[in-house]
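Below is one structure, written out as structure tokens, with a few remarks after it.
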Amino acid sequence: MIWIDGVLVSEGKGGVYGEKMLRNCRIWDPYRSKLAAYYHKGCGHELRKDDVVLYLGAANGTTVSHVADYTECVYAVEFAPRPMQDLLAVAAKRKNIVPIMADASRPEWYAPLLEPVDLLYMDVADPDQIGIASRNSVFLKQSGIALLMLKTRSIDVRSDPGDVLAESIARLEESDFVIQETMWLLPYHQDHAAILCAKK
Ligand code: SAM
């Protein structure tokens, strides 16, 4: 990852969503992006130039645009029409973002558009986050990695976030994943945990 004096940045053309620039690089704000928060917490998996990424929960393309600065290609899935409009505008200015308007819980709808991916990144605020991750694991290469941003309050608002995380980890391990690392994203994002997993 690229750091300038402790500031996480990506190399790309600015002006995507009003982000600030530092020495001609785009500042990647950990308060706006859970993936940036993950790197600020010192977590392990770095993006690589030749990575193909499946990104679930693309929203308006804020984080997608930074991931695209670092990687070869990002397949960006979003199902809500309003953020999709912004995502299309972001993708129109780049050659390596493929926007896909679809429900991530129905991967069979977009399977024909995809190629095997190195990284499955997921930031969907959906009660069935673990089921969605599991269903999309089919797209991962055998050496592939999944990085889930778990919004515990979307899964169960009444349970303790720690219990929701523990249960989510158990479910992931029962499916196609081996857990490599977990981390709460405080102080940047409340009740969100990052879970890094390899494919079994
Ligand atoms: N990842 C974005 C970023 O960092 O810029 C923010 C994502 S926002 C927290 C969650 C997004 O997931 C929303 O835009 C929502 O519409 C989308 N989403 C939730 N459930 C989804 C599903 N089943 N399929 C596709 N998108 C979904």
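The values are calculated or read from the model by the stated rules, or taken from the named source; none is laboratory data. None of the values given here were measured: they were computed from a predicted structure. Don't worry about glycine lacking a Cβ; one is built from the backbone with ideal geometry, like all the others, and counts go over all protein chains shown. These area figures cover heavy atoms from the full protein model, side chains too; ligands, DNA and RNA do not enter into them. Shrake-Rupley method; radii C 1.70, N 1.55, O 1.52, S 1.80 Å.
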Checklist entry - Residue by residue, what Karplus-based ³J(HN,Hα) values in Hz, rounded to whole numbers, does the stretch 19-32 have, using 6.51, -1.76 and 1.60 with θ = phi - 60° and x for Gly and Pro? => result 5, 7, 10, 9, 6, 6, 10, 8, 6, 10, 7, x, 7, 9
Next on the checklist: 5 Å is the cut-off here: which amide hydrogens, built 1.01 Å from N in the peptide plane, fall below it relative to GLU181, excluding neighbours closer than 5 in sequence?
Outcome noted: LEU196
Item to check | Residue-wise HN-Hα coupling along the stretch 55-64, computed from phi with Karplus coefficients 6.51, -1.76, 1.60 (Hz; x: Gly, Pro) | outcome: 10, 9, x, 6, 6, 8, x, 4, 6, 3
Checklist entry - Do the sum for the chain: with -39,500 (n - 2.57) for every DSSP H run of n ≥ 4, divided by all residues, what is the mean residue ellipticity at 222 nm, to the nearest 500 deg cm²/dmol? => result -7500 deg cm²/dmol
Checklist entry - Which residue, LYS141, LYS95, LYS41, tops the fluctuation ranking in a GNM of the chain built on C-alpha contacts under 10 Å? => result LYS95
Checklist entry - Tell me, what is the 1.4 Å probe accessible area of VAL98, in Å² to the nearest 10? => result 50 Å²
Item to check | With all protein chains modelled, accessible area of ILE27 [1.4 Å, Å²] | outcome: 40 Å²
Checklist entry - How high is the FRET efficiency between ILE2 and ALA89 when r is their beta carbon distance and R₀ equals 25 Å, given to the nearest 0.05? => result 0.50
Checklist entry - In terms of the Cα gyration tensor, with a ≥ b ≥ c the square roots of its eigenvalues, is the stretch 30-199 rounded because a/c is under 1.5, prolate because a/b exceeds b/c, or oblate? => result rounded
Checklist entry - Can you give the accessible area of ARG94 in Å² (nearest 10), computed on protein heavy atoms with a 1.4 Å probe? => result 40 Å²
Checklist entry - Amide H of LEU140: which non-local residues (sequence gap of 5 or more, or other chain) have their own amide H closer than 5 Å, using H built in the peptide plane? => result VAL117
Checklist entry - How much of the accessible area of the stretch 1-78, probe 1.4 Å, is carbon plus sulfur, in whole percent? => result 47 percent
Checklist entry - Amide H neighbours of VAL98 under 5 Å, counting only residues 5+ apart in sequence or on other chains, H built in-plane at 1.01 Å? => result VAL74, TYR75, ALA76
Checklist entry - Which percent, to the nearest 5, of DSSP beta bridges fully inside the chain are antiparallel? => result 50 percent
Item to check | Estimated inter-spin distance, LYS141 and LEU22, nm [label 7 Å along Cα→Cβ] | outcome: 3.1 nm
Checklist outcome for this item: Whole-Å distance linking the alpha carbon centroid of the stretch 3-26 with that of the stretch 121-160 is 28 Å
Item to check | Most mobile listed residue (ALA68, ALA166, ALA89) in the chain, GNM with C-alpha springs under 10 Å | outcome: ALA166
Item to check | Per-residue ³J(HN,Hα) for the stretch 69-77, Karplus 6.51 cos²θ - 1.76 cosθ + 1.60, θ = phi - 60°, Hz, x for Gly and Pro | outcome: 5, 9, 10, 6, 7, 10, 8, 10, 9
